[in-house]
Structures are given as structure tokens and as C-alpha cells.
Amino acid sequence: MKNNLLVWLAFIIVIAVVANYVYTIKSVENKSWEPHFNHASKSPYGTSLLYNLLEKPAGKKGLITINSHLSKNTEFSQYNDSQSLYFFCGPYFFPDQQTISLLINFIKKGNDVLIASESFSSYFLDSLLGENDMYQWHELIDELPGKQVIRYNIRLKDEGSSNSTEMYFRKRNKLINHRVHYFPKIFTPVNMDENSLLSIESCGLIRFEENSEEDNYLRINTGKGSLYLYSTPIVFTNYHLKRKDVFMYTSQLFEDLNKEKIWWQVHERLYDVLPENETGQMDQVPGNPFSEILAVRGFRYAWYTLLAGIILFCLVSLQRRQRVIGMRELKENTSLQFAETISKLYLGENNHKNMALLKYRYFYSFIRQKYHINLYLQDREGLMRLSKLLKTEPVNLEWILQNYKKIQALPYITYEELSETNAAINHLYFLSGVKNRALTQ
């Protein structure tokens with residue numbers, strides 16, 4: 001029973017530790033102030049709030065989450081309708097050739113693509129828009145220019161400068177000087193070819209402290225569909241969307257798009273495979289060693305169960321192991337054995353007087369404990385009361401008392417006198433109710 005209690009106690013402790021670990025991980029995630037743009041995270045710089053806002057009007061069928069590499073999503077690959085939006089929000093956008101091909105087909109069908117990122121692949125722009133002397137995409141070197149500022153303002157092009165929204169980057173209770181990206185002038189050429197299907201339109205501006213304005217939101221028309229590029233994805237994070245002015249700004253941005261279906265690309269799942277490097281080999285994106293295990297629900301639960309079992313085994317094994325306690329023998333009453341031994345010694349020495357006095361001592365002690373009468377005093381009143389209690393003649397008790405005095409005065413007594421004394425005292429034991437003869441021997 002005690003061992004079962006210890007096992008259950010260890011199990012409860014393990015459950016508490018695991019629950020505390022999960023709660024701590026969730027708390028750390030929710031309180032992380034690093035911009036990671038995770039659509040399921042409620043941390044300040046996650047995007048769960050925008051995800052929920054887009055899901056409510058569109059519904060679960062109208063907002064589709066692409067939680068894998070785009071080439072593995074058969075529904076997107078086989079999608080033939082228009083009036084849809086592919087949305088990506090992340091720190092950088094470097095798709096591979098398969099993803100670019102799918103996005104080109106998606107735009108050609110009359111759909112739009114909105115990429116909110118601080119870095120864009122020139123390889124992506126060249127593949128999607130084609131090489132053009134007017135637009136030197138390779139000059140970007142895969143990173144947009146930017147300025148180190150604390151505060152800046154953003155606004156949509158259709159709105160006046162008075163409707164601009166102030167932005168900043170905060171970590172806990174402190175404003176941080178950070179780099180804000182914008183699009184260079186190569187995206188807005190002066191001379192446009194009227195016959196070209198390619199056109200670039202500025203849809204949003206960003207104004208820095210020195211009152212210089214740059215483009216942060218572009219629309220690139222490539223035929224039936226359009227490509228939207230947005231350089232300040234931090235606007236779409238939970239921390240800023242809770243502000244009324246940023247919420248109105250974001251709502252207006254997505255209302256202008258007005259799409260029936262939105263494909264939300266989880267940015268962590270975009271990079272299963274990177275474009276070929278200089279050696280022509282495919283680079284795998286580095287990740288957590290346990291990412292493959294934790295990515296599959298069954299493997300994840302099996303992993304957690306294994307950890308819980310190991311912890312439980314350690315707790316049970318480390319418990320204090322008590323040594324076996326031997327049986328303790330109860331102490332026995334050896335008064336009878338002692339009396340027998342003493343009596344044998346006395347009999348062996350033929351010292352019958354001491355044996356008779358010892359017999360008298362036990363008898364007087366018995367009478368005093370049971371009847372509260374002290375026979376050593378030889379009180380006449382006490383003698384008569386004892387006679388009534390034992391229902392015997394007073395003369396028998398008087399003989400006992402006189403015999404005690406006689407034995408005390410003699411130097412020794414014979415065996416016959418000892419036997420006579422023993423018989424008289426045993427008779428009084430019997431009258432007092434002691435029927436166990438072993439106690440009177």
C-alpha cells in the first residue's frame with residue numbers, strides 16, 4: 001500500500017512538472033518581444049490577431065492556411081479561379097523555383113499576391129517580372145534599404161498626410177532604435193512603356209523624422225493579377241493591431257484588396273528547400289533537430305510520453321529505500337522462571353526457612369494489593385475483615401500469622417514444616433479466587 005502511494009505521488013509530481021513546463025513555454029512564447037510573425041502566437045510580435053480578423057469575414061473556407069511547402073499543397077496547385085489572395089508575412093521572402101512557378105500561374109489566373117517582408121529575393125523578382133533594363137532587381141542584393149529610427153509614420157497613398165499612423169518598435173517598456181525598410185527608386189521609373197504589361201504603382205508611403213517620404217507599399221501589375229509588396233510587416237503584428245489607428249489602417253489596406261478567398265502562407269513552412277547554391281546543390285534550411293519529430297502530432301505525443309516515463313522512473317528509483325526491519329521479540333514475564341530457579345537453589349541447599357519466608361512475602365503482597373490489608377501489622381480488625389472476605393474461620397488466619405513469627409524466630413525449619421506452610425497459604429489463595437495452581441506453587 002505504501003509503495004503504491006509513493007508511485008502515485010511520483011506520478012502527480014511528474015504531471016505537475018510537465019504542466020509547469022508547458023505553461024512556462026507558452027508564457028515565454030506569449031511574452032516574447034522578438035518579431036517572429038507566427039500566425040498562432042499571441043505574443044506582441046506574432047500575427048494571431050490579424051489571422052483571426054481575416055478569418056471572421058472570410059470564414060474557415062475563405063481563409064486557407066498553407067502549413068507546408070507550397071508545392072505540397074495540392075489544393076493551391078490545382079486552383080483555377082480568380083479573386084483570391086496569396087498572403088505572406090515574415091522577416092524575409094526567398095522562395096524556391098517551384099514556389100515561384102506556382103505564384104506566377106496563380107497571378108496569371110487573375111489572382112493577387114501580397115508579400116509583407118523586410119527582404120525580397122531578386123531571383124524571385126527576376127523570375128516573376130522578367131529581366132528588364134528599366135528595373136534592375138539585382139541591385140537590391142536581396143535586401144531592401146532602410147534607416148535606423150525610433151519613430152516613423154505610415155499612410156496609404158489615397159489618404160492625406162494628416163491621416164498618417166505613427167509606428168515604433170517596443171521591447172517591453174522601452175522604445176528601440178531599429179532599422180525600417182523601404183523600396184528604392186528603381187521601383188518607380190520615370191519613363192514607362194505604354195505597351196508594356198508591367199506597371200508599378202505606389203500604394204503606401206513611409207515618412208521618417210526628417211520628413212523624407214519613401215515607398216513602403218507597391219502594386220506591380222503583371223497582366224490579369226497583381227503583386228503587392230509591403231516592406232514593414234511589423235504593422236500586422238498583435239502589438240500594433242491593438243491600437244485603433246493601426247487597426248483602421250490595416251482594415252483599409254485589406255478592404256482595398258477585396259478578395260473572396262485568402263491563402264495564408266505560414267512563413268516557417270515556406271523554406272523546405274532553398275534555391276540552388278553556387279555548387280548547384282540544394283540547401284536544406286537549418287532547424288531544430290527535433291523539428292521532424294515535433295512536427296507530427298503522434299510523434300510529438302510519443303516523445304512527451306517517453307520523457308514523462310523517464311522522469312517517473314527516475315523519481316521512483318531515487319526514492320529512499322528502507323531496509324527490512326527485523327521482528328522484535330516481546331519481553332516475557334520471567335517471574336515464574338525466577339521463582340522456580342530460586343526455589344530449586346533453596347531446596348538444593350536444604351534452606352527451607354528462606355523458601356517459607358519468600359512464600360509469605362508473596363502472599364502478604366497479594367493480600368495487600370487485592371484487599372488493601374497489611375498482614376505485617378497483625379491488626380485484629382484487619383484480620384476479621386479478611387476472614388469475612390475469604391469466608392474462613394479467624395483461627396486459620398491467626399495460625400498463618402503465628403506460624404510466620406515462629407519461622408522468623410527459628411534458625412531453620414524442616415521440609416515437613418515448609419510443606420505444611422505451603423499447603424495453608426495455597427488454601428487461602430484458593431479461597432481468594434486464584435484457581436491457577438501454577439501461581440501458587
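The values are calculated or read from the model by the stated rules, or taken from the named source; none is laboratory data. Remember, it's a predicted structure, so these values are computed and weren't measured experimentally. Here Cβ is always computed from backbone atoms with ideal geometry, including for glycine, and neighbour counts include all displayed protein chains.
Being in a helix (DSSP H, G or I) and modelled with pLDDT under 90, is that true of even one residue in segment 77-91?
Yes, segment 77-91 has at least one match.
Of the numbered conditions (1) more than 20 Å from residue 420 (Cβ to Cβ); (2) of a type outside the set (Lys, Arg); (3) crowded, with 17+ Cβ neighbours inside 10 Å, residue 366 satisfies every one except a single condition; which is it?
Only one criterion in (1) more than 20 Å from residue 420 (Cβ to Cβ); (2) of a type outside the set (Lys, Arg); (3) crowded, with 17+ Cβ neighbours inside 10 Å is unmet by residue 366, namely (1).
Which pairs do you get when a residue that is without any contact (Cβ under 8 Å) to a residue 40 or more places away in the chain, found in segment 398-417, comes within reach of a residue that is in a loop (DSSP other than H, G, I, E, B), reach meaning Cβ atoms under 7 angstrom, with the pair 6+ apart or on two chains?
Correct list of pairs: 401/378.
Whether any residue in segment 54-62 is outside any loop (DSSP other than H, G, I, E, B), within 30 Å of residue 263 (Cα to Cα), modelled with pLDDT of 85 or more and touching a Leu at 6+ places or on another chain (Cβ under 8 Å) is what I want to check.
Initial filter on segment 54-62 (outside any loop (DSSP other than H, G, I, E, B)): 54-62.
If we keep only those that are within 30 Å of residue 263 (Cα to Cα) as well, we get 54-62.
Next, only the ones that are modelled with pLDDT of 85 or more stay: 54.
This time we only want the ones that are touching a Leu at 6+ places or on another chain (Cβ under 8 Å), so: 54.
Yes, segment 54-62 contains a residue that is outside any loop (DSSP other than H, G, I, E, B), within 30 Å of residue 263 (Cα to Cα), modelled with pLDDT of 85 or more and touching a Leu at 6+ places or on another chain (Cβ under 8 Å).
Considering only segment 166-186, I want to know if a residue exists there that is outside any strand (DSSP E or B), at pLDDT below 80 and either under 19 Å from residue 118 (Cβ atoms) or outside the structural domain of residue 48 (by TED's automatic domain parsing) (or both).
Yes - at least one qualifying residue is present in segment 166-186.
Table: residues versus (1) more than 29 Å from residue 240 (Cα to Cα); (2) at pLDDT below 85; (3) touching a strand residue (DSSP E or B) at 6+ places or on another chain (Cβ under 9 Å).
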{"site": "94", "(1), (2), (3)": "no, no, yes"}
{"site": "104", "(1), (2), (3)": "yes, no, no"}
{"site": "110", "(1), (2), (3)": "yes, no, yes"}
{"site": "113", "(1), (2), (3)": "no, no, yes"}
{"site": "117", "(1), (2), (3)": "no, no, yes"}
{"site": "121", "(1), (2), (3)": "no, yes, yes"}
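Suppose we filter segment 316-329 for residues that are aliphatic (A, V, I, L, M) and at pLDDT 75 or above; how many remain?
So in segment 316-329, the residues aliphatic (A, V, I, L, M) come out as 316, 318, 324-325, 327.
Next, from what is left, pick out any that are at pLDDT 75 or above: 327.
Result for segment 316-329: 1.
Go through segment 66-83 residue by residue and tally those that are of a type outside the set (A, V, I, L, M, F, W, C), over 26 Å from residue 144 (Cα atoms) and in contact with a helix residue (DSSP H, G or I) (Cβ under 8 Å, 6 or more places away or on another chain). Write out each step before concluding.
Pass one, segment 66-83, residues of a type outside the set (A, V, I, L, M, F, W, C): 67-69, 71-75, 77-83.
Checking which are over 26 Å from residue 144 (Cα atoms) leaves us with 67-68, 71-75, 77-83.
Applying the additional criterion that residues be in contact with a helix residue (DSSP H, G or I) (Cβ under 8 Å, 6 or more places away or on another chain) yields 67-68, 71, 77, 79.
Here the count works out to 5.
Do the conditions hold for residue 429, that is, is it in the same structural domain as residue 369 (by TED's automatic domain parsing) and touching a Ser or Thr at 6+ places or on another chain (Cβ under 6 Å)?
Judged against the criteria, residue 429 is a match.
Mind listing whichever residues of segment 208-236 are touching a residue at least 24 places away in the same chain (Cβ under 8 Å) and in a strand (DSSP E or B)?
214, 215, 216, 217, 218, 220, 221, 226, 227, 228, 229, 230
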